[in-house]
Amino acid sequence: MNEANIYIGLMSGTSIDCVDAIAVTFSDGKIHILGSHSEAISTQLKLDILRLCLPGTDSIALCAETDNVLGELFSQASLTLMAQLNISPDQVVAIGSHGQTIRHQPPNKVKGFSVQIGNPSLIAARTKCAVVADFRRADMALGGQGAPLVPAFHQRFFHEQNSCRVIINIGGIANLTILDGGDQCNGFDTGPGNMLLDAWCFKHKAKNYDDKGAWGATGDVSKPLLNQLKKHPFFSMQAPKSTGREDFNLRWLEQQIENFDLKPEDIQATLIALTAETITAAIAALNQSIDDIFICGGGVFNIELINRLNRSLYACNQPAVKSTLDIGLDPKWVEACAFAWLAKRRVENKTGNLPAVTGASDTAVLGGLY
Ligand SMILES: Nc1ncnc2c1ncn2[C@@H]1O[C@H](COP(=O)(O)OP(=O)(O)OP(=O)(O)O)[C@@H](O)[C@H]1O
Ligand SMILES: [Mg+2]
């Protein structure tokens, strides 16, 4: 039997769309994808997670139960992938499991916290593999945001000497990484990605997301509403910054639209514009000459969103977006790959955070080993 060299990355993001599982190896400074699998999240589980995400609906029992339900689901995602690829536990060095975020409170005047659930002990017991989880808290213990964590991965695999690259990840939340072509790497959350789009689409169309942005494309953007939404204080905050469902959720949106009389599709179009234009504004504010912009995350499949993003980037003299596929990684799997790599960093006792991104006072080895 060869020495174990496979890492599995598990990502279940703020969109609560599905559990992404990927099996990879690392060699010659490259990442090699062996295979991938997406495990569905049931409607009941999604509703329970959404309940846990909203301040004021806390239930310790529901949290602990959901921790176990997610632990079983993450195990299933890993086991299905391993069976598909004929991988045995002794070939796997570790599974890196991001976990499901149910609360994210970056530090400001009070100490911050970030809670990811999905019982890692259970994943270890079911899969018979070592599991790395709880990636955010070591950074937060050093005063960091604990997020975003993917910029270090982007730097490792997407850096190009003497070329300034921006990587945009549009998941539930959108985040940027700026690779300056030298040794600088910066990054931060820009605000909502797909989260509000999904929530509004679910409310009016009973669909988890607006396929290709086709529904949103039938609406007209309301400038007055867009301007009001942009007044959310998160957008004008200086980095380091990170956000989550606490800041941007259906409840917030419904308060915002109270005094507007708009068709649902106009609101969807306005939300698309909000994501596109706040990402563009964050890029323009960098005041850097950018060579290439690459995009990843489920937002790449929203054609209307990408069209709008390209239009607003063009208006700000920025390059049009390309897919991370052009630099070697399928946009759907970048985040899961990042957590496979972060697991490797933990196993090798190497640091995983970038203080310039998270604001932590020092680098840290991220995650606990189960
Ligand atoms: N065909 C599609 N058309 C429109 N949107 C899509 C399509 N496929 C996926 N998406 C969007 O992508 C989302 C999932 O993206 P992704 O998995 O990158 O986000 P995430 O799990 O929230 O991760 P993150 O941690 O980065 O927030 C879906 O909820 C949906 O909004
Ligand atoms: Mg996802």
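The values are calculated or read from the model by the stated rules, or taken from the named source; none is laboratory data. Predicted model, so just to flag it, every value in this text is computed and none were measured. Cβ placement follows ideal geometry from the backbone for every residue including glycine, while neighbour counts extend to all protein chains displayed. Heads up: the accessible areas ignore ligands, DNA and RNA and are worked out on the full protein's heavy atoms, side chains in. Shrake-Rupley method; radii C 1.70, N 1.55, O 1.52, S 1.80 Å.
Here are some notes:
- Helix-only [θ]222 nm of the chain, DSSP H runs n ≥ 4, -39500 (n - 2.57) each, per residue, nearest 500: -11500 deg cm²/dmol
- Springs between Cα atoms under 10 Å define the GNM used for the chain, and in it the highest mean-square fluctuation of THR57, THR280, THR14 occurs at THR57.
- GNM result for the chain, Cα springs below 10 Å: residue of GLU160, GLU246, GLU258 fluctuating most strongly: GLU258
- Classified by the C-alpha gyration tensor, region 1-98 has a prolate form. Its axis ratio a/c, with a ≥ b ≥ c, is 1.5 or above, and a/b is larger than b/c.
- Protein accessible area in region 150-319, 1.4 Å probe - carbon and sulfur %: 46 percent
- Pairs of Lys residues in region 150-319 are counted when their Cα atoms are under 16 angstrom apart and they lie 8 or more places apart or on different chains; the count is 4.
- Antiparallel content of DSSP bridges confined to region 150-319, in %, to 5: 70 percent
- For region 150-319, the spread of Cα coordinates along the three principal axes comes to 50, 29, 27 Å, biggest extent given first.
- What the Cβ-Cβ distance of GLU246 and GLU160 gives, at R0 = 41 Å and to the nearest 0.05, is a FRET efficiency of 0.70.
- Cα centroid separation, region 43-60 to region 203-269 (Å): 21 Å
- Think of region 62-181 as a dipole: +1 on every Lys or Arg Cβ, -1 on every Asp or Glu Cβ, centred on the Cα centre; then among LEU85, PHE135, PRO107, PRO107 lies furthest on the positive end.
- For region 272-282, 3J(HN,Hα) per residue [Karplus equation, 6.51 cos²θ - 1.76 cosθ + 1.60, θ = phi - 60°, Hz, x = Gly/Pro]: 4, 4, 4, 4, 4, 6, 6, 5, 4, 4, 5
- For region 150-319, averaging the sequence separation of C-alpha pairs within contact (under 8 Å, six or more residues apart) and dividing by the residue count gives a relative contact order of 29 percent.
- Surrounding net charge for ALA340, when Lys and Arg each add one and Asp and Glu each subtract one, Cβ distance under 15 Å: +3
- Alpha-carbon spread of the chain, three principal axes, descending order, Å: 64, 51, 42
- Among GLY172, GLY118, GLY219, residue whose mean-square fluctuation peaks in a GNM of the chain (springs only between Cα atoms under 10 Å): GLY219
- Within region 150-319: Cβ-based charge dipole about Cα centre, in debye rounded to nearest 20 (Lys, Arg +1; Asp, Glu -1): 160 debye
- Lys/Arg +1, Asp/Glu -1 at C-beta; region 238-370 dipole; positive extreme among LEU369, ALA281, GLN255: LEU369
- Here the 3J(HN,Hα) profile of region 235-244, calculated from phi with Karplus coefficients 6.51, -1.76 and 1.60 at θ = phi - 60°, is 5, 9, 5, 7, 5, x, 8, 8, 8, x Hz, Gly and Pro shown as x.
- Charging the Cβ of each Asp and Glu at -1 and of each Lys and Arg at +1, and nothing else, the dipole of the chain about its Cα centre rounds to 380 debye.
- Share, in percent, of DSSP beta bridges within the chain that are antiparallel, nearest 5: 70 percent
- The chain: relative contact order in percent, alpha carbon pairs under 8 Å with at least 6 residues between: 21 percent
- A Förster distance of 51 Å, applied to the separation of the beta-carbon atoms of TYR314 and LEU47, puts the FRET efficiency at 0.80.
- Across region 166-172, rounded Karplus estimates of 3J(HN,Hα) from the backbone phi angles (6.51 cos²θ - 1.76 cosθ + 1.60, θ = phi - 60°) give 10, 10, 10, 10, 9, x, x Hz, Gly and Pro being marked x.
- In the full protein context, the chain carries 43 Å² of accessible surface per residue, based on a 1.4 Å probe and ignoring ligands, DNA and RNA.
- Given charges at Cβ of Lys, Arg, Asp, Glu: region 150-319 dipole, positive-most of CYS201, GLY187, ASN227: CYS201
- Amide H contacts of GLY146 (H built 1.01 Å from N, under 5 Å, at least 5 apart or other chain): MET140
- For a paramagnetic label modelled on GLN184 (point 7 Å from Cα along Cα→Cβ), amide N atoms under 19 Å away belong, within region 223-243, to 238-241.
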